[in-house]
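The values are calculated or read from the model by the stated rules, or taken from the named source; none is laboratory data. Quick caveat, the model's predicted, so the values are computed rather than measured. Here the Cβ positions follow ideal geometry from the backbone for every residue, glycine too, while neighbour counts run over all protein chains shown.
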Amino acid sequence: MNSYGISAAICTTLAFIITTLLGKIMIPFLHNLKYGQTILDEGPSWHKNKQGTPTMGGIMFIIGIIVSTVICVPLYYKIAELNGIQAYETPLMITKIFAGLAMAVGYGAIGFIDDYVKVSKKQNQGLTPKQKLILQFGVVICYFLAINTANKVNGGESLTKVNIPFIGTLELGFFYFIIFAIIVVGIVNAANLTDGVDGLSASVAFFIAIFYMVITNLLGMFGLSLEAAALAGGCLGFLIWNLHPAKVFMGDTGSLFLGGIVCALGLSSGLHVPLIILSFVYTSEMFSVILQVLYFKFTHGKRLFKMSPIHHHFEMIGWSENKICTVFSLATIFLGIISVLIVTLSI
């Protein structure tokens, strides 16, 4: 096994073990604090059985992913050196790796505040939508400032170019930051909507991570590939506790973090088109809510779906939670294969 293979195996395993073991500590701790999820009446009636299940469990995989990334990215370069390979990462890419991780943590922190308000007040409403949006745009702006500053210091190429496979490069200039700030905030909130069925959000994120591992490895972006490996391991470890019937929920703490790190991997690698493709399950959840609201408004009370987001529609027609996870994961795998093919053929 080469230096990258060894490092990736260690990274995934470490994140998995840390996350899994933290479940043994955090779930009883959250139970004792009575940090349980409040289930609204407007959801599927059988979800009431989940009332009181501990939330904020996303802290488990956030810790696992952070520790694994911080240890294994430098470890890769050390292993490569011991094997006589000169592996070198530019200061800009190192900034992208850890600024991206910080962006994800920033979104996780917003989710944590939101979760804390909910559990402390025993309600299902935390921060207001306006408060969330201000904080969320603030986080992505900080990420852009960090990588833009690093780019200027190191004399790198323009960060505002978007590579469109088979077509070419599009220079967006300052509009790049506006467009992708909106896209990032949209995907982050869409990932939050996806967390409505046991195991769904972590399953989708796991397969997105796997395909980011493959693509960034193909492009020689080994540091980012290891960050994706940590994400895969963290999600897998969390699924031990979150598959139906869930013993813990990730809460907004976890779902916003996952949306943030998926976006960070896409932006930091310059894989803008694959980011949009791989995030399709997330965005389909978001657009199902938008379409439901618009259809209800313009048809004077009729519904396009039995319930939104879309995963609840499938629940209402009789799909089990495990079936929804399986189908949505298969959809992500299909989209991941398309992304790999696009990147491979356009290299």
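Of all the listed residues (Val262, Val281, Val340, Val289), the sole one being under 21 Å from the mean Cα position of the chain (by Cα) and more than 17 Å from Ala205 (Cα to Cα) is Val289. Looking at the stretch 55-70, is at least one residue of a type in the set (Gly, Ala, Ser), surrounded by fewer than 22 Cβ atoms within 10 Å (Cβ to Cβ) and more than 20 Å from Ile113 (Cα to Cα)? No, the stretch 55-70 contains no residue that is of a type in the set (Gly, Ala, Ser), surrounded by fewer than 22 Cβ atoms within 10 Å (Cβ to Cβ) and more than 20 Å from Ile113 (Cα to Cα).
Look at the stretch 71-94 and say how many of its residues are within 22 Å of the chain's Cα centre (by Cα), surrounded by 19 or more Cβ atoms within 10 Å (Cβ to Cβ) and within 27 Å of Gly237 (Cα to Cα).
Matching residues across the stretch 71-94 total 2.
Considering Ile310, Ile317, Ile261, the condition of being touching an Asp or Glu at 6+ places or on another chain (Cβ under 8 Å), more than 16 Å from Val185 (Cα to Cα) and of a type in the set (A, V, I, L, M, F, W, C) is satisfied by Ile310 alone.
Scanning the stretch 1-20 for residues that are of a type in the set (Ser, Thr, Tyr) and either within 12 Å of Tyr77 (Cα to Cα) or touching a Pro at 6+ places or on another chain (Cβ under 8 Å) (or both) gives Ser3, Tyr4, Ser7.
Touching a Pro at 6+ places or on another chain (Cβ under 8 Å) and modelled with pLDDT of 95 or more: which single residue out of Ile141, Ile215, Ile187, Ile178 fits that description? Result: Ile215 is the single residue among Ile141, Ile215, Ile187, Ile178 that is touching a Pro at 6+ places or on another chain (Cβ under 8 Å) and modelled with pLDDT of 95 or more.
Does His300 satisfy the criteria of being buried (at least 24 other Cβ atoms within 10 Å of the Cβ) and not acidic (Asp, Glu)? The answer is no for His300.
Results for (1) in a helix (DSSP H, G or I); (2) within 19 Å of Gly270 (Cα to Cα); (3) under 20 Å from the mean Cα position of the chain (by Cα), shown as yes or no for each residue.
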site	(1), (2), (3)
Ile113	yes, no, yes
Gln125	no, no, no
Gln131	yes, no, no
Leu135	yes, no, yes
Tyr143	yes, yes, yes
Asn151	yes, yes, no
Thr169	no, yes, no
Tyr176	yes, yes, no
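Gly196 fulfils the conditions (1) crowded, with 17+ Cβ neighbours inside 10 Å; (2) within 28 Å of Ile342 (Cβ to Cβ); (3) out of contact with any Leu (no Cβ under 6 Å at 6 or more places or on another chain) except for a single criterion, (2).
A single member of Ile79, Ile85 is of a type in the set (A, V, I, L, M), in a helix (DSSP H, G or I) and either at negative phi or at pLDDT 90 or above (or both), and it is Ile79.
Criterion first (over 20 Å from the mean Cα position of the chain (by Cα) and either surrounded by 13 or more Cβ atoms within 10 Å (Cβ to Cβ) or modelled with pLDDT of 90 or more (or both)) does Lys118 satisfy it?
When the stated conditions are applied, Lys118 passes them.
Residues that are part of a loop (DSSP other than H, G, I, E, B) and more than 24 Å from the chain's Cα centre (by Cα) were ranked within the stretch 1-36; the one that is surrounded by the fewest Cβ atoms within 10 Å (Cβ to Cβ) is Met1. Between a first residue in the stretch 164-190 that is without any contact (Cβ under 8 Å) to a residue 12 or more places away in the chain and a second residue that is among the basic types (Lys, Arg) and surrounded by 14 or more Cβ atoms within 10 Å (Cβ to Cβ), which pairs have beta carbons less than 8 Å apart while being 6 or more apart in sequence or on different chains? Short answer, once both residue conditions are applied: Thr169/Lys161; Leu170/Lys161.
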